[in-house]
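Each value in this text was obtained by applying a stated rule to the coordinates, not by laboratory testing. All values reported here derive from a predicted model rather than from experimental measurement. Cβ: placed from backbone, ideal geometry, glycine included. Neighbour counts: every protein chain shown.
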Ligand SMILES: [Zn+2]
Ligand SMILES: [Zn+2]
């Protein structure tokens, strides 16, 4: 027997409706905000992620599925959705079209991580990318997309926002961080000592206890915002208030990549037993330029589907079950079974969900199976029925039976 690769998961037929539900709500919300789906390849040149995700990130340094293809090119399975969309935006000249370009994606993504609860090596994401608009309303609208989605999925959530400024105000802030952390370097983890040199903002992100203790009193970015960034952040907040969305400011949210600018946000589940971030995003005005395009304002977010499903389950959200067959056509034997097959075809052609025995079961076993499927009706065709040109239609709910002529069966189930 060949087993499934470590860190991957099958979505089985009895569970796939949950995925389809989340995906359909995501598409519905995307449509509501007039986003168009973009589909980019599952693999890209490795260089794209080195530039587009950031060479110092854990994702790029430790977690990428990278391999040489037969043409000796370095290829990587996408570890996230944004870089591919950015590449496509530049390559296809989407910036020359009507702006903003409002896009969403539903993708598998791949990271070589130590498998643990809620973390898989192949996982799935819904993401939104809005390119070409720098207004604060764009940030607010993007946050609203996520807010609408999470609420439609039945989640209780809290929004945390922050601004990490622009390269101008961040230069002053980075210096303040360095001044603050310098005397504490000995207490920081190895990763953080590297971050201190390369990207001090990411020191605030560290989950190590020792680092967290030092971080507590670090200077706050909001005190260092330039005038434009401060005004932008005020405007984002006022748009959120206008939309009736509650938020809290959390200065510890930093998206530690160079191309992130201004607004950053996270949605956290507040249901009992289901803590944790369900969605994160922000503005990244530096990304498209970093990927070789013209400077282009951009904002977006991503939410992991597995994570959403896990939190929905922990929060007791009931996902609507798939539609059950309307009618199971049970044929006694030989010609009766053929008639059942024929009627099932006619019913399906008229849009009625009909099921028929494919296992050559006895009539009794067919009834049992129809019950298991949750069919609303069983239409029995025995010798007598065949002769008289009708089926005996039994309601599985009430147990009542009525004869229905073969020629009227479509009409019967359409009404
Ligand atoms: Zn600024
Ligand atoms: Zn650390």
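A few comments on the model shown:
- Ranked for footprinting exposure by Cβ neighbours inside 10 Å, fewest first, 123, 341 give 341, 123.
- The C-alpha atoms of the chain define a longest principal axis, and helix 305-314 lies at about 70 degrees to it.
- The length gained on full extension between residue 3 and residue 194, counted as 0.36 nm times the residue separation minus their Cα-Cα distance, comes to 64.8 nm.
- An oblate overall shape is assigned to segment 1-145, the ratio a/c of its alpha-carbon gyration tensor axes (a ≥ b ≥ c) being 1.5 or greater and a/b not exceeding b/c.
- Dividing the mean sequence gap of close Cα pairs (under 8 Å, 6+ apart) by how many residues segment 327-414 holds gives a relative contact order of 31 percent.
- Label reach from residue 397 (point 7 Å along Cα→C-beta): in segment 317-339, amide nitrogens under 17 Å belong to 321-328.
- The residues 104, 112, when put in order of fewest to most other Cβ atoms within 10 Å, stand as 112, 104.
- Highest average packing first - 80-86, 166-172, Cβ atoms within 10 Å: 80-86, 166-172
- The long axis of helix 82-91 is offset from the longest Cα principal axis of the chain by roughly 80 degrees.
- The C-alpha atoms of the chain define a longest principal axis, and helix 136-152 lies at about 40 degrees to it.
- The order of 203, 291, going from fewest to most other C-beta atoms within 10 Å of their C-beta, is 291, 203.
- The distance separating the Cα centre of segment 321-346 from that of segment 235-250 comes to 56 Å.
- Average projection area in nm² (convex hull over Cα atoms of segment 124-170, one quarter of hull surface): 4.7 nm²
- Multiplying the residue separation of residue 231 and residue 361 by 0.36 nm and removing their Cα-Cα distance gives an extension gain of 39.6 nm.
- Efficiency of FRET between residue 275 and residue 335 - r from beta-carbon atoms, R0 45 angstrom, step 0.05: 0.15
- Each Cα pair under 8 Å and six or more residues apart adds its sequence gap; the mean of these over the residue count of the chain is a relative contact order of 15 percent.
- Förster radius 51 Å - calculated FRET efficiency between residue 350 and residue 213, Cβ distance, rounded to 0.05: 0.15
- Cα→Cβ-extended label distance, 7 Å offset, between residue 37 and residue 241, nm: 3.9 nm
- Intensity falloff of the chain expressed as log10 I(q)/I(0), Debye formula with alpha-carbon point scatterers, at q = 0.09 Å⁻¹: -0.69
- Overall form of segment 327-414: rounded. Here a/c, set by the Cα gyration tensor axes a ≥ b ≥ c, is under 1.5.
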